[in-house]
Structure formats: C-alpha cells, structure tokens
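First the structure, in the form of structure tokens, and then the observations on it.
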Amino acid sequence: MLKTEDVREVLKQINDPELNYNIVDLGLVYDINVKDEGNVHILMTLTTPACPIGPMVEAEINENVGLLPGVKDIEVEFTFSPLWNPTLMSEEAREDLGVY
C-alpha cells in the first residue's frame, strides 16, 4: 500500500535546480496527501512567486512519484500562503547552505 512516507522519500531525491538541494529539506513541500485509491496530492511552494522553475519541478515530481507502485494520479498544487522563507528549511539544509 502506498504511504505518505514513500512519496516523501521520492521527493527528497528532487532538487531545486537553483539551490541544488532537495525540495523537502528546503521546506518547499507543505503537505502530502495519499488516498487509498492511489491518488497523491502534493501541496508545495517555490522560493518566490516569480520563480520560473515550477513547471520543471512539477514535471520531475510527476515522473518520479509516478514510478511508485500504486500511484494512479498525481496533483501538484502550488501555493504562496505562507510565503517560503529560510526558517522552513530543515536544520541540516540551513547548515549545509550556510543559512542561519
């Protein structure tokens, strides 16, 4: 059975191309909802509303999460509420990127 943690692990393999760090530890993924029938909803943001990488990140998410057994449909929803800021990053990401 498909689990939220399975999706999260795949998302950790997807890097923001500008920061070259995974989108989960950057704090860009706000929520992952996995339904029993294999539908996956990912609520996420980008570092800025004008960030041009959204379509590229969405395509990579669809490609990689779609490889998980049991996935039937993937919806990536972008939100800018709340706006992303460095405090959303994991402690490890902040240390690696020198953000304090």
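FYI, it's all coordinate maths here, none of it is from the lab. All figures in this text were calculated on a predicted structure; none of them were measured in a lab. Cβ placement follows ideal geometry from the backbone for every residue including glycine, while neighbour counts extend to all protein chains displayed.
Loop-resident GluC sites (Glu not before Pro) (DSSP state other than H, G, I, E or B) in the chain with no more than 15 further Cβ atoms inside 10 Å of their Cβ: Glu18, Glu37. Based on alpha-carbon atoms, the Kirkwood radius and the radius of gyration of region 20-76 give Rg/Rh equal to 0.98. Taking amide H as placed 1.01 Å from N in the peptide plane, Val76 has its amide H under 5 Å from the amide H of Ile42, each at least 5 places away in sequence or on another chain.
Were the residues from Asp96 through Glu63 laid out at 0.36 nm apart, the gain over their Cα-Cα distance would be 9.2 nm.
Mean separation of Cα pairs under 8 Å and 6 or more residues apart, divided by the residue count, gives the chain a relative contact order of 31 percent. For Gly27, the amide hydrogen comes within under 5 Å of the amide hydrogens of Ser90, counting only partners 5 or more places away or on other chains and with H modelled in the peptide plane. Cα-based values for the chain, radius of gyration first and Dmax second, are 13.3, 41 Å. By DSSP, what percent of the beta bridges with both residues in the chain are antiparallel, rounded to the nearest 5? If I count the DSSP bridges inside the chain, around 55 percent turn out antiparallel. Look at the dipole of the chain built from charges on Cβ: of Pro82, Gly38, Gln13, the Cα furthest out on the positive end belongs to Pro82.
Helix-only estimate, please: 222 nm mean residue ellipticity of the chain, summing -39500 (n - 2.57) across DSSP H runs of length 4 or more and dividing by its residues, to the nearest 500.
After summing the helix terms and dividing by the residues of the chain, the value is -7500 deg cm²/dmol.
Here each label is just a point 7 Å from Cα along the line to Cβ, and for Thr48 and Gln13 those points are 3.1 nm apart. Count Lys and Arg as plus one, Asp and Glu as minus one, and take only other residues whose Cβ is under 10 Å from that of Ile53; the net charge is then -4.
Evaluating 6.51 cos²θ - 1.76 cosθ + 1.60 at θ = phi - 60° for every residue in region 17-33, the Karplus couplings come out as x, 7, 9, 6, 9, 5, 5, 6, 5, 6, x, 7, 8, 8, 7, 10, 10 Hz, glycine and proline recorded as x.
Rounded to the nearest 20 debye, the dipole size of region 4-93 about its Cα centre is 120 debye, using +1 on the Cβ of Lys and Arg and -1 on the Cβ of Asp and Glu.
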